[in-house]
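The structure appears below as structure tokens.
All of the numbers you see were taken from the coordinates with simple rules; none came from a lab. Worth saying up front: this structure is predicted, and the values here are computed from it rather than measured. Cβ: placed from backbone, ideal geometry, glycine included. Neighbour counts: every protein chain shown.
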Amino acid sequence: MASTERSEEPAVRTVRTAAGDVDCAVVGEGPPVLVVHGSPGGHDAGLAMARFLVADGLRAVVPDRPGYFDTPLSSGTTIDGQADLYAALLDALGIDRAGVLCWSGGGPSSYRFAVRHPDRVTAVVACAAVSRRYVFAGEKGADKLIMDTGFGRRMLQLMARHTPEKLVEATIASEGDLTKDQLAERVAHVMADPEREQFTLDLAVAANHTGPRKAGFDNDMAQFGAIESLELDRIGGPCLLVQGTADTDVLPDYSGFAAEQIPGAELVELATGTHLAFWVHPESAPVRQRAIELFRSAAG
């Protein structure tokens, strides 16, 4: 493995693989889990996704998918190309097999990784994951200003520092269909726990798809809109699917479809859960523990 350390982001390094360069952070000790961020996303989102794994003694391998930050789009333009990049990354890191934790737009390449390289995957945990053709309609009005402009990117960063509760509320409201009372209750639940609060803020900042996330996000939307089949019926081994029933970002039908297609898949639905349900829903702790147990037992 050849890599170059980056002083401004000590946890992130560029790993040179047979499939191309990929920026990656590796944190923790124990059985490895490949953590595949969504759309948009990046290692910052992936590291937030992985905190519970590291806290429970697992090792998280967190790449920037192609087009995000400094991972070149040429390292994996297509969904299958990204799946093959994951295998090459494990090769470069000297890892034979790993679990896979994916979320949202990380779903297609993770599912294809399990199809194309089944001997490299111990178990899959897919949270609100895209499992078939997905067409992005684009943001409008205030959402477009926040998510699709450099001004919006800076605004999210400022809100995370100075008005965190307002940003938590806006984030949960934008990714779930909740009543006013349900939203207030969910925000209070998140703000009562520093870990849930930090996760929500980290993902809110990563939701802007300009700057270092633009190339990856634009490519994702083009690739997802052209999906014909991910061949989910070819996935073997343990697979846990987690879905919030009030998710308006990736609708519950996507996890339902995956559950129908993947042999033996286990589907857990969190009532009134939004797109962040696996990490912040009031009843999500046992589901995360189930994921940890799955990764440990599958790793042998």
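Below is a table of values for the structure above.
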quantity: Alpha-carbon gyration tensor eigenvalues x 5, square-rooted, for the chain, Å; calculated: 27, 22, 19
quantity: Whether the stretch 172-217 is rounded, prolate or oblate, judged on the alpha carbon gyration tensor where a/c under 1.5 counts as rounded; calculated: oblate
quantity: Debye log10 I(q)/I(0) for the stretch 141-206, one point scatterer per Cα, at q = 0.14, 0.20, 0.21 Å⁻¹; calculated: -0.39, -0.77, -0.84
quantity: Among beta bridges that DSSP assigns inside the chain, antiparallel share in %, nearest 5; calculated: 40 percent
quantity: Residue order, fewest to most surrounding Cβ atoms within 10 angstrom, among Asp202, Asp64; calculated: Asp202, Asp64
quantity: Charge dipole (debye, nearest 20) of the stretch 1-160; +1 at Cβ of Lys and Arg, -1 at Cβ of Asp and Glu; calculated: 440 debye
quantity: Of Trp103, Val242, Gly152, farthest towards positive along the dipole that unit charges on Lys, Arg, Asp, Glu beta carbons give the chain; calculated: Gly152
quantity: Only Lys, Arg (+1) and Asp, Glu (-1) charged, at Cβ; the stretch 141-206 dipole about Cα centre in debye; calculated: 340 debye
quantity: P(r) of the stretch 156-297 over all Cα-Cα pairs, binned every 5 Å from zero, in whole percent; calculated: 2, 9, 16, 17, 19, 17, 13, 6, 1, 0
quantity: Dipole magnitude (debye, nearest 20) for the stretch 40-109, charges at Cβ of Lys, Arg, Asp, Glu; calculated: 180 debye
quantity: Cβ-based charge dipole, the stretch 46-132, positive-most Cα from Ala87, Ala123, Phe113; calculated: Ala123
quantity: At most 12 other Cβ within 10 Å, DSSP loop - trypsin sites (Lys or Arg not before Pro), the stretch 131-173; calculated: Lys140
quantity: Sites excluded, GluC sites (Glu not before Pro) in DSSP loops with at most 16 other C-beta within 10 Å, longest stretch of the chain; calculated: 30-138
quantity: Sorted by Cβ neighbour density within 10 Å, fewest at the top, the residues His162, His43; calculated: His162, His43
quantity: Antiparallel DSSP beta bridges within the stretch 124-275, percent to nearest 5; calculated: 10 percent
quantity: Computed over the chain: relative contact order in percent, which uses C-alpha pairs under 8 Å that are six or more apart; calculated: 20 percent
quantity: Interchain or long-range residues, amide H under 5 Å from Val15's placed H; calculated: Val22, Asp23, Cys24
quantity: Per DSSP, loop chymotrypsin sites (Phe, Trp or Tyr not before Pro) in the stretch 72-147 with at most 15 further Cβ within 10 Å; calculated: Phe136
quantity: Residue order, fewest to most beta carbons within 10 Å, for Thr163, Thr272, Thr200; calculated: Thr163, Thr272, Thr200
quantity: Environment charge of Gln157, counting only residues whose C-beta is closer than 15 Å and scoring Lys/Arg +1, Asp/Glu -1; calculated: +3
quantity: Residue-averaged 222 nm ellipticity for the chain, from DSSP H runs of 4+ at -39500 (n - 2.57), nearest 500; calculated: -13500 deg cm²/dmol
